Amino acid sequence: MWPFSRKGASGFSSCSTAEEVTYGIDGSGLTAIVTGASGGIGAETTRVLAMRGVHVIMGVRNMNAAKDVKEAILKEIPTAKVDIMELDLSSMASVRKFASEFISSGLSLNILINNAGIFATPFTLTEDNIELQFATNYMGHFLLTNLLLDTMKKTTHESKKQGRIINISSMLHQWTYGGGILFDKINDPSSYHNWLAYGQSKLANILHANELAKRFKEEEVDITANSLHPGAILTNIFRHSALAGVINTFGKFVFKNVQQGAATTCYVALHPQVREISGKYFVDCNIGRANSQGRDIELAKKLWDFSINLIK
């Protein structure tokens, strides 16, 4: 159980849970996509958003695990609106198929939560020849967001309800390669370090949200884009780490539980306090401060152009 509980300007702290930060908020009429929703904070985010009346689409790779999550939610909340769609963020083909099927469904889209992630995996190239962590944690979400932007803009215009995009990053964004992003060596095994590659992908999540926020402001579109650090949480994301055993043994004394871990995501997705805020990095349901690279406007633009070329 996370032991520190100093409240910030929002009135919430690291001890706040997702239910607490969304208490009294009515999400009826809103539709959200949550990636990586078959376990961990993605599953808890789905449960709490559904509890608040949001129609949640679970974008998942593990369909069986997602079905178990959905059944548990419906058992607790019989009126919940939860659907499951297959999505493998490491595959650009899967991302395109998911987006195409979602758009064809005619559903609106108010909230996009780019949550799915993997951590410290051995060097692997995806079917698209992109390093696995960069592909799963960042590129898949970049492509998904890009494909769904017109749907979000249409929803925002027709419903007069603000759209929100939330990128789940990490405090480890500051532990990355020199220069932040290895643009020329993304897929180079000789330059690969599993922890630094994770930090690189999480820095990319922040830069992506910042660039989106800038573009939305220029276009005068009522969609916000923010990133966040959910906190250190005991989930299966650590399964590839050599420290997995130590983390699982001692983490329960210092890490957040899943209910606390999903709090910042649900806060940024639903809370009225966040309505006028875009291009920020949140920690413990309060505005935090990314490192200097995470605030670098030129680096964000360079990453955007690099990513656009990669998905052509």
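The values are calculated or read from the model by the stated rules, or taken from the named source; none is laboratory data. What you see is a predicted model; the values in this text were computed from it and never measured. Cβ coordinates were reconstructed from backbone atoms using ideal geometry, including for glycine residues, and neighbour counts include every protein chain displayed.
In segment 207-234, what count of residues is obtained for those that are surrounded by 21 or more Cβ atoms within 10 Å (Cβ to Cβ) and of a type outside the set (Gly, Ala, Ser)?
11
Those residues that are over 19 Å from the mean Cα position of the chain (by Cα), without any contact (Cβ under 8 Å) to a residue 60 or more places away in the chain and in a loop (DSSP other than H, G, I, E, B), I need them from segment 276-306; list them, please.
GLU276, SER292
Is it the case, given these coordinates, that THR145 is in contact with a His (Cβ under 8 Å, 6 or more places away or on another chain), surrounded by fewer than 24 Cβ atoms within 10 Å (Cβ to Cβ) and either within 25 Å of PHE102 (Cα to Cα) or touching a residue at least 24 places away in the same chain (Cβ under 8 Å) (or both)? So that I can check it myself, show each step before the final result.
Numbers: in contact with a His (Cβ under 8 Å, 6 or more places away or on another chain): yes; surrounded by fewer than 24 Cβ atoms within 10 Å (Cβ to Cβ): yes; either within 25 Å of PHE102 (Cα to Cα) or touching a residue at least 24 places away in the same chain (Cβ under 8 Å) (or both): yes.
Considered against the rule, which asks whether it is in contact with a His (Cβ under 8 Å, 6 or more places away or on another chain), surrounded by fewer than 24 Cβ atoms within 10 Å (Cβ to Cβ) and either within 25 Å of PHE102 (Cα to Cα) or touching a residue at least 24 places away in the same chain (Cβ under 8 Å) (or both), THR145 comes out as yes.
Tell me, please, whether a residue that is surrounded by 15 or more Cβ atoms within 10 Å (Cβ to Cβ), in contact with a strand residue (DSSP E or B) (Cβ under 7 Å, 6 or more places away or on another chain) and within 23 Å of ILE118 (Cα to Cα) can be found in segment 18-28. Explain how you work it out, then say what you get.
Step one: list which residues in segment 18-28 are surrounded by 15 or more Cβ atoms within 10 Å (Cβ to Cβ), which gives 18-22, 25, 27.
With the extra rule that they be in contact with a strand residue (DSSP E or B) (Cβ under 7 Å, 6 or more places away or on another chain), the set shrinks to none.
Looking through segment 18-28, none of the residues is surrounded by 15 or more Cβ atoms within 10 Å (Cβ to Cβ), in contact with a strand residue (DSSP E or B) (Cβ under 7 Å, 6 or more places away or on another chain) and within 23 Å of ILE118 (Cα to Cα).
Would you be able to tell me the number of residues in segment 184-202 that are closer than 30 Å to ASP284 by Cβ and not in a loop (DSSP other than H, G, I, E, B)? Walk me through how you get there before you give the answer.
We begin by selecting, within segment 184-202, every residue closer than 30 Å to ASP284 by Cβ; these are 193-202.
Subsequent filtering for residues that are not in a loop (DSSP other than H, G, I, E, B) retains 194-202.
Residues that pass the stated criteria total 9.
Of the numbered conditions (1) surrounded by fewer than 17 Cβ atoms within 10 Å (Cβ to Cβ); (2) in contact with an Asp or Glu (Cβ under 9 Å, 6 or more places away or on another chain); (3) under 30 Å from GLU101 (Cβ atoms), THR156 satisfies every one except a single condition; which is it?
(1)
Return only the number of the condition from (1) closer than 23 Å to TYR267 by Cα; (2) under 17 Å from the mean Cα position of the chain (by Cα); (3) of a type in the set (Asp, Glu) that GLU76 does not satisfy.
Condition not satisfied by GLU76: (2).
When segment 146-175 is examined, which residues are found to be of a type in the set (A, V, I, L, M, F, W, C), farther than 17 Å from LYS214 by Cα and out of contact with any Ser or Thr (no Cβ under 9 Å at 6 or more places or on another chain)?
Step one: of segment 146-175, the residues of a type in the set (A, V, I, L, M, F, W, C) are 147-149, 152, 165-166, 168, 171-172, 175.
Subsequent filtering for residues that are farther than 17 Å from LYS214 by Cα retains 147-148, 168, 171-172, 175.
Across segment 146-175, the qualifying residues are LEU148, MET171, LEU172, TRP175.
Hey, does segment 167-183 have a residue that's surrounded by fewer than 17 Cβ atoms within 10 Å (Cβ to Cβ), modelled with pLDDT of 95 or more and in a helix (DSSP H, G or I)?
no
Quick one: which of LYS75, LYS67 is surrounded by 13 or more Cβ atoms within 10 Å (Cβ to Cβ), without any contact (Cβ under 8 Å) to a residue 24 or more places away in the chain and not small (Gly, Ala, Ser)? Please lay out each step first, then the result.
Values: LYS75 fails: surrounded by 13 or more Cβ atoms within 10 Å (Cβ to Cβ).
Checking each option against the conditions leaves just LYS67.
Taking segment 85-106 as the search range and keeping residues that are hydrophobic (A, V, I, L, M, F, W, C) and without any contact (Cβ under 8 Å) to a residue 40 or more places away in the chain, which one is surrounded by the most Cβ atoms within 10 Å (Cβ to Cβ)? Reasoning before the result, please.
Let us first name the residues in segment 85-106 that are hydrophobic (A, V, I, L, M, F, W, C), namely 85, 87, 89, 92-93, 95, 98-99, 102-103.
From what is left, the residues that are without any contact (Cβ under 8 Å) to a residue 40 or more places away in the chain are 85, 93.
Numbers: MET85: 19, ALA93: 10.
By that ranking, first place goes to MET85.
Name the single residue, out of those in segment 92-119 being more than 17 Å from the chain's Cα centre (by Cα), small (Gly, Ala, Ser) and part of a loop (DSSP other than H, G, I, E, B), that is farthest from TYR198 (Cα to Cα).
Result: GLY106.
Please list, ordered by first then second residue, the pairs with beta carbon atoms under 8 Å, 6 or more apart or interchain, first in segment 34-55 and in contact (Cβ under 8 Å) with a residue 40 or more places away in the chain, second among the basic types (Lys, Arg) and part of a helix (DSSP H, G or I).
Hits for this filter: zero, empty list.
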